[in-house]
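K.L.:
Below: one structure in structure tokens.
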Amino acid sequence: GVCLNVGCIPSKALLHAARVIAEVEEAESFGISYGSPKLDIERLDEWKGEVVGKLTGGLAGLAKRRKIKVVTGEARFTSAQEIEVGDEKVGFDSCIVAAGSRPVDLPDLPDDDRIVDSTGALQLEGPPKSLLVVGGGIIGLEMACVYDALGTKVSVVELTDTLIPECDRDLVKPLQKRIGERYEAIMLGTEVTGMEAQKSGIKVSFSGEDAPESERYDKVLVAVGRRANGDRLELEATGIEVDDRGVIAVDEHQRTSVENIYAIGDITGEPMLAHRGSYQGIVAAENVAGEDVIYDARSVPAVAYTDPEIAWAGLTESDAKEQEVEYEIGKVPWAASGRALAIERDEGLTKVLTEPGSGRILGAGMVGPNAGELIAEIVHAIEMGSTATDLSLTMHPHPTLSETVRIAAEAAQGIATDIYAPKR
Ligand code: NAD
């Protein structure tokens, strides 16, 4: 699917390259300089392909060893017991639909290969001199990070008045500060009102308080969300319910409205995240195999693999406020972490939300390098019903960024020694 071929994996390979370039730049502040990078874009693109190739090859090998027959082509349902792939008919007792999602298009875009979606943006070619990213969500900002490192002048336009709208503001702030200093422009609360393909670039018009009337860009990436593919499988032949957004409704067993057909992943709607899809996949497969299993993950972690990374799980602070959920909070600025200082990245923040009285972990968020790795401890804590005390009594290795989780849990209880966060 998308994640491995044209999503998570190739983008992470490119984001790693971006981090290496940025790290070399940053090293100048502590006395190491290598000069500016010499980029072999063709090799970088080839290497990205090799990373993907190792995984796709591995999967093909696993399928073979498990004696799974793989049919390649576009599938259509002909009934609730059969699909057609080209001329081949494949009958089944049970079926798991995992046909994913596709990028949402903006209306009335000119047909021009300088206007790309996330798949197009992953094809490196020569990096453009200027790039406009339409949509300040996770896809847009991750790709912006890659192109910025490759030397492109990046501009971002976002319809709402904030980047990554579903994320807490204090977590977005360090990212916004860093990219605000590096990028050509970040236009918030701004709408793209039109695009015109010209010889010298794509002319984009805007409407918004601080936006220019129009600007020309060498390339435009449209990343304004994804749409489920439920409209592309001729599901009418099965009787499965699909809504007008292409989303297939499933119950907690991952079963659709048709008894023997299950659905998992993006095609079942938000949050459209690979780890949720594969988790649902196990639930569906176990049910197909005759077990009685339900999807009851307590939280779905979210990670923006930007620089700095942002990760959160469970209840966010803005949702807590909106839903009037009472909470206590411990916040640790990474300036208090020896490890963050030693890697020159003290702009980070870790915060943990707990339930008053019980101290149960309700959620957490963090921003900074490796936030995406650090969040797994919180996901486990939420899954286990752990409390702030559980986290603070867990010995964390020193000096690591993971200690900020322990200290935040202590701060939520008013017992932190590493930072001044007195009992409320
Ligand atoms: P998104 O919905 O997360 O963000 C799109 C952004 O575009 C929003 O902030 C929205 O306000 C803005 N927008 C919408 N219309 C606009 C317009 N006309 N002009 C300007 N801005 C506009 O979508 P995405 O970033 O495309 O990601 C799609 C899906 O893929 C999401 O579910 C995301 O979680 C998932 N994804 C996740 C990861 C990850 O976990 N690291 C990476 C890539 C994608």
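The values are calculated or read from the model by the stated rules, or taken from the named source; none is laboratory data. Because the structure is a prediction, the values reported are computed rather than measured. Please note: Cβ atoms are built from the backbone with ideal geometry, for glycine as well, and neighbour counts cover all protein chains shown. Side chains included, ligands, DNA and RNA excluded: accessible areas come from the protein's heavy atoms. Shrake-Rupley method; radii C 1.70, N 1.55, O 1.52, S 1.80 Å.
K.L.:
Lys199: which aspartates and glutamates have alpha carbons under 15 Å from its alpha carbon, excluding same-chain residues fewer than 8 sequence positions away?
P.N.:
Asp111, Asp112, Asp113, Glu215, Asp218
K.L.:
Shifting gears a bit: Of all chymotrypsin sites (Phe, Trp or Tyr not before Pro) in the range 1-106, which ones are in loop regions per DSSP and have a Cβ with at most 14 other Cβ atoms within 10 Å?
P.N.:
Tyr34, Phe92
K.L.:
I would also like to ask the following. One-quarter of the Cα convex hull surface for the range 236-332, in nm²?
P.N.:
Its average projected convex-hull area is 8.9 nm².
K.L.:
Same structure again: Quick one: what are the phi-derived ³J(HN,Hα) couplings along the range 120-131, Karplus 6.51/-1.76/1.60 with θ = phi - 60°, whole Hz, x for glycine and proline?
P.N.:
Those phi angles translate into x, 5, 7, 7, 5, 6, x, x, x, 5, 9, 9 Hz.
K.L.:
Which value results when the Cα radius of gyration for the chain is divided by 2.2 N^0.38 Å?
P.N.:
So the Cα radius of gyration is 1.06 times the expected 2.2 N^0.38 Å.
K.L.:
Continuing with this model, one more query. Using just the C-alpha positions of the range 1-48 as equal point scatterers, what log10 of I(q)/I(0) does the Debye formula give at each q in 0.13 1/Å?
P.N.:
-0.39
K.L.:
Moving on to the next point. Give, in nm to one decimal, the length gained when the segment between Asp170 and Ser257 is fully stretched (0.36 nm per residue of separation minus the Cα-Cα distance).
P.N.:
So the extension gain works out to 27.2 nm.
K.L.:
Which GluC sites (Glu not before Pro) does the range 70-163 hold that lie in a coil by DSSP with at most 13 other beta carbons within 10 Å?
P.N.:
Glu74, Glu125
K.L.:
Quick one: the Cα spread of the range 362-424 along its three principal axes, in angstroms, biggest first?
P.N.:
Principal axes ranked by extent give 29, 26, 20 Å for the Cα atoms.
K.L.:
Can you tell me how the range 45-84 classifies by the Cα gyration tensor, rounded, prolate or oblate, using a/c under 1.5 as the rounded cut?
P.N.:
Because a/c hits 1.5 or more and a/b fails to exceed b/c, the range 45-84 counts as oblate.
K.L.:
What accessible area per residue, rounded to a whole number of Å², is obtained for the chain using a probe radius of 1.4 Å?
P.N.:
It amounts to 51 Å² per residue over the chain.
K.L.:
Could you list the trypsin sites (Lys or Arg not before Pro) in the range 65-150 that lie in coil according to DSSP, counting only those with at most 11 other Cβ atoms within 10 Å of their Cβ?
P.N.:
Arg66, Lys67, Lys69
K.L.:
A further question follows. If you place +1 on the Cβ of every Lys and Arg and -1 on the Cβ of every Asp and Glu, how big does the dipole about the Cα centre of the chain come out, in debye to the nearest 20?
P.N.:
With only Lys, Arg, Asp and Glu charged at Cβ, the dipole is about 1200 debye.
K.L.:
Can you give the convex hull volume of the alpha carbon atoms of the range 274-424 per residue, in Å³?
P.N.:
Dividing the Cα hull volume of the range 274-424 by its residue count gives 127 Å³.
K.L.:
Let me ask another. At 4 °C and 1.567 mPa s, grab the translational diffusion coefficient of the range 333-399 from Stokes-Einstein with a Kirkwood Rh over Cα pairs, rounded to a whole number in µm² per second.
P.N.:
Result for D is 102 µm²/s.
K.L.:
State the volume of the convex hull built on the alpha-carbon positions of the range 1-130, expressed per residue in Å³ and rounded to an integer.
P.N.:
Hull volume over Cα atoms, normalised by residue count, gives 193 Å³.
K.L.:
Per the chain: cysteines with no other Cys C-beta under 4.7 angstrom?
P.N.:
So, Cys95, Cys145, Cys167.
K.L.:
Still on this structure, I have one more. Structure shown: which of Lys54/Lys173; Lys38/Lys351; Lys38/Lys219; Lys48/Lys69; Lys54/Lys177 lie over 32 Å apart, alpha-carbon to alpha-carbon?
P.N.:
Where the Cα-Cα span goes over 32 Å, the pairs concerned are Lys54/Lys173; Lys38/Lys351; Lys54/Lys177.
K.L.:
On each of the three principal axes of the Cα atoms of the range 106-149, give max minus min coordinate, whole Å, ordered largest first.
P.N.:
Each principal axis gives a Cα extent; for the range 106-149 these are 30, 24, 17 Å.
K.L.:
Here's something else I'd like to know. With just the Cα atoms of the range 44-200, tell me how far they stretch along each of the three principal axes, in Å, largest first.
P.N.:
Its Cα atoms span 55, 41, 34 Å along the three principal axes.
K.L.:
While we're here: Taking the Cα centre of the range 314-423 as the origin and placing charges on Cβ (Lys, Arg +1; Asp, Glu -1), which of Gly314, His396, Gly365 is farthest toward the positive end of the dipole?
P.N.:
Toward the positive end, the furthest listed residue is His396.
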